[in-house]
Structures are given as structure tokens and as C-alpha cells.
1. Can you find a residue in the stretch 297-320 that is outside any helix (DSSP H, G or I) and over 21 Å from the mean Cα position of the chain (by Cα)?
2. Could you please give the count of residues in the stretch 50-67 that are part of a helix (DSSP H, G or I) and touching a helix residue (DSSP H, G or I) at 6+ places or on another chain (Cβ under 7 Å)?
3. Using beta carbons and a limit of 7 Å, which pairs, at least six apart or on different chains, have the first residue in the stretch 163-175 and more than 13 Å from GLU216 (Cα to Cα) and in a helix (DSSP H, G or I) and the second one near the ligand (Cβ under 8 Å from one of its atoms) and among the hydroxyl-bearing types (Ser, Thr, Tyr)?
4. Give the stretch 145-162 a look and list any residue that's part of a strand (DSSP E or B), away from the ligand (no atom under 16 Å from the Cβ) and buried (at least 19 other Cβ atoms within 10 Å of the Cβ), or say none.
5. THR375 is checked against (1) within 16 Å of the ligand (Cβ to nearest atom); (2) assigned to a loop (DSSP other than H, G, I, E, B); (3) not assigned by TED's automatic domain parsing to the domain that holds VAL68 and fails just one. What number does that condition carry?
6. So which of SER148, SER130 ends up being under 27 Å from VAL355 (Cα atoms), assigned by TED's automatic domain parsing to the domain that holds LYS224 and under 18 Å from the mean Cα position of the chain (by Cα)?
7. Hey, among THR350, THR305, which residue is among the β-branched types (Val, Ile, Thr) and more than 12 Å from the ligand (Cβ to nearest atom)?
8. Among the listed residues ARG141, ARG97, ARG88, ARG26, which satisfies the condition of being more than 24 Å from PHE154 (Cα to Cα) and either buried (at least 16 other Cβ atoms within 10 Å of the Cβ) or within 12 Å of the ligand (Cβ to nearest atom) (or both)?
Amino acid sequence: MMQQKFKVLILGGGTGGIAVAARLMRDGLGGHIAIIDPSEFHDYQPYWTLAGVGLVSKNSSRRSMTSVVPPGVTWIKASVKSIDPDNREVVSADGQRFSYDILVVALGLTLNYDHMAGAQESLGKQGVISVYQFDQLDAAREAIENFSGGTAIFTMPPVPIKCAGAPQKVMYLADDIWRRRGVRAKSRIIFASAGAAIFGIPEFAASLSKVIARKEIETWFQTKLVGVRASDQVAVFERVTNGEVIKEEVKFDLLHVVPPMSAPRVIKDSPLASDEDAQRGWLAVDKHTLQHLKFPNVFGVGDVTGVPNSKTGAAIRKQAPVVAANIAKHLAGQSDFLRYDGYSSCPLITDIGKVILAEFGYDGKLMPSFPLDPTKERRLYWHLKKDLLPTLYWQGMMKGRM
Ligand code: FAD
């Protein structure tokens, strides 16, 4: 098959891919730009936490890919199978070959439900739910709406994952919904986390510990979900106790599963993957310029990047303008690249109508956008999360305006 050539080839048309494409078009970078993505749809995933408990419709999180690909950018509906950066070539699963001057990797990450025996096939059955997949949102909403009491376990895998706050947000919302419905008194809620603390940044961990205490939620740390038997509603955990790993089976009535996550196989298997321990398998980019460490004509954006930030759409809002500007500078032979500071944000929903807006950069530095104590729950940030941010996403980020 003939090789198709593009000035900028973007792998993935999710948050990062579309944000960079829109920015490049807005900045007036000439030449042919293409996005490769097999998906018919583009999802605003931050809405899945709300859709999974029935506070917004799942369809409000989803638009067609054609409606978000910026005018003038070519969408190639195909799946990337291999990347050969030495020869500047990408091959798709259907055998098409592409070459590029600049490659932008925006492939997101892979959800590894298959790392927990029985989890994938249990989803949607016997109270086993997950808001991490669009096609599981109805089952999650129904299970939470119909919960009549018992043991509800919400899991958190080892990091990195996308939106590390989401596993808690869905739990706090479920708690609030069950209190309003009068079933909370008949329930035991457990947060089973592979981590050692409720949140990685001490200032927010302190606020969240108060939320946990107020809601009388049990926390199990260093506890990893390793298997699910939906038929008898049993979750299998590995727990670290006194330095020893112990396997434990726990009966549940509702189990919210968040899978371990990793870089996509196509990146892991390519010369673009990092071989450093801390970021092994993820895209090896400079954490400030987002330029590849070995291939200067390759840039990365979003969840796929091997940088020590927190993987969110909010991070991409700050990364996309940096990537677009640095591509233009690279093409012009300039070296005064823009720098991404590690900014990420997680609107931690603690109740219906209450949010702690956690904003931070590299090394856990607090980076609040507003002159208010960032560790406090506020109604204002609930409106920001539910009403304002989606509009900023579709009308701002997806159009290269912010
Ligand atoms: P994605 O948006 O996932 O896009 C990756 C794209 O790559 C997809 O379109 C996919 O089809 C495509 N792709 C994959 N494999 C291939 C292939 N082989 N070939 C071609 N294309 C491929 N962020 C926030 O900022 N705030 C929040 O409150 C928040 N809450 C969240 C709640 C949940 C439940 C979830 C799941 C996520 C949440 N996020 C939140 C995180 C945010 O949605 C992600 O960080 C963001 O979407 C990452 O963008 P991305 O472009 O890196 O990946």
C-alpha cells in the first residue's frame, strides 16, 4: 500500500490529540495534519463519575469524532499497530502506512481489567460495577440506585491511573445518595486501596481524612484487588499486614472496580517507550518540554506520557499549548521551548454539591487558580465541575482556545 505523508501525524483523537490538533490549527501551523483513531466517538470522561451515579446522562459525555476533529485536519479511522521512529513510519492494523515530519503521541492508557482474575467478565453482574468504561455506566447507575444495603467496596489500584480521585468521588457520591435514600444505616462502605494513604498530597489527604471520618467509611490501605467471583459475590484481595502479603476473600453486595492501568502495548513495544524504572513503558518525553528524549521530532501529550504528574484532562489543558508551541519552535529551528510545570487538577467531589478543588504541579506543589483555601469543600467548585468545566472543554480546549 502507498505511504501517506503528513506534516504532523497525531496518534489518538482523545482529549490530548484533539486539543493539540485544534491548537496547531488555531496557531496557523501550515501543512497537512492528520489524526489516527479507530473510535467513532470522543468522550468527556470527567462526566463518567457523575453519569455512573445518575447525576447526568451518559450521552452528555459523548460526541461523534467527526464533530470534534478540527476543520482542515484529516481523520484516519484506523488503529495504530506499530511505530518506527527511526524511519518515521507508522503502520495501522489495516495495513496503511504513514510517514510524518512531526509525530504527536496521544494514545491515552490501557485499562487492565484482565490483571484481576474474573474481573472483566464480572462487570455489570451481581453488583460488580465500574465507572471507568462508558459501556458500564448504565449498570453502575442501576446498581447504585437499587442498592438496598450491605457491604459496598470501592477499590483503588496502584498508581499511576487516570484521575486518581475518581475512585473516591464515586464512593462519596454513592454514600450521599444512600443517605438520602435511607439505606446508608444498613450499609458498610469500604475503601480498599493499594496505596498507603487516602491521597498523595498531604494537604488534600488531611481534608479527605475528615470526609472519610464524617461519612464513617472504613479504609483498607495496601490492599490490592486481585480477583472477582461475581457468582458468589466474592472479592479477592492481597493485603500487606506486618510486611507480609496475605490473600483474603471478602463477600460484597456492591463492588466498584478500578483496574490497574499501563501504557498501551503499541508504545511499550516501540523504541519510544521509557526504559527508566519510574516510567517504564510510558512515552519517554522531557517532563517540561514534552519532546521525546531520543527522537526530537516526536512529542507526547496526556495520559501516555511518562512524566511524574497526575494523569488528567486538566493536565492536558496546560500541556497542549506547550506541545503546539514547541512543535512550531522545533520546525523553525528555535530552542527556547515552552515548559509544562506538571499542573494537574482533580475536582474531588465529596458530596452532591460539594467539591475540594485539588490543583497541584510537580513535586506536589499546590497551584490553586482561585484566592481561596484550596483544601476546603465548596459549593462553588461543584458548579465549576458539573456546569462550567464541560463547556470550557467543548468550546475552549477542543477548539484550541485555551
Ligand atoms: P484519551 O482521552 O483516553 O484518548 C486516547 C485516544 O486514543 C482514544 O480516542 C482512543 O480511541 C485512541 N487510541 C487508543 N489506542 C489507539 C490505537 N492503537 N490507535 C489509534 N488510536 C488509539 N480528568 C480531569 O481533568 N478531571 C476529572 O474530573 C476527571 N475525571 C475522570 C473520571 C473518570 C471516571 C475517568 C475515566 C477519567 C477522568 N479524567 C478526569 C481523566 C481524563 O479523562 C483523561 O486524563 C484524559 O481523557 C486523557 O486524555 P488522553 O488524550 O491522554 O487519552
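1. Looking only at the stretch 297-320, we keep the residues that are outside any helix (DSSP H, G or I), and these are 297-301, 305-312.
Pick out the ones that are also over 21 Å from the mean Cα position of the chain (by Cα) and you get 297-298.
Scanning the stretch 297-320, I find at least one residue that is outside any helix (DSSP H, G or I) and over 21 Å from the mean Cα position of the chain (by Cα), so the answer is yes.
2. Applying the first criterion (part of a helix (DSSP H, G or I)) to the stretch 50-67 yields 50-51, 58-61, 65-67.
From what is left, the residues that are touching a helix residue (DSSP H, G or I) at 6+ places or on another chain (Cβ under 7 Å) are 50-51, 58, 60-61.
Within the stretch 50-67, residues that are part of a helix (DSSP H, G or I) and touching a helix residue (DSSP H, G or I) at 6+ places or on another chain (Cβ under 7 Å) number 5.
3. What qualifies is ALA166/THR49; LYS169/THR49; VAL170/THR49.
4. Within the stretch 145-162, ALA152, ILE153 qualify.
5. Result: THR375 passes all but (1).
6. Values: SER148 fails: under 18 Å from the mean Cα position of the chain (by Cα).
Step by step, each of SER148, SER130 is checked, and only SER130 is under 27 Å from VAL355 (Cα atoms), assigned by TED's automatic domain parsing to the domain that holds LYS224 and under 18 Å from the mean Cα position of the chain (by Cα).
7. Numbers: THR305 fails: more than 12 Å from the ligand (Cβ to nearest atom).
Step by step, each of THR350, THR305 is checked, and only THR350 is among the β-branched types (Val, Ile, Thr) and more than 12 Å from the ligand (Cβ to nearest atom).
8. Details: ARG141 fails: more than 24 Å from PHE154 (Cα to Cα); ARG97 fails: either buried (at least 16 other Cβ atoms within 10 Å of the Cβ) or within 12 Å of the ligand (Cβ to nearest atom) (or both); ARG26 fails: either buried (at least 16 other Cβ atoms within 10 Å of the Cβ) or within 12 Å of the ligand (Cβ to nearest atom) (or both).
Criteria check complete, one pass: ARG88.
The values are calculated or read from the model by the stated rules, or taken from the named source; none is laboratory data. Values in this document were obtained by computation on a predicted structure and should not be read as measured data. Ideal geometry is used to build each Cβ from the backbone, glycine not excepted, and the neighbour counts take in all protein chains shown.
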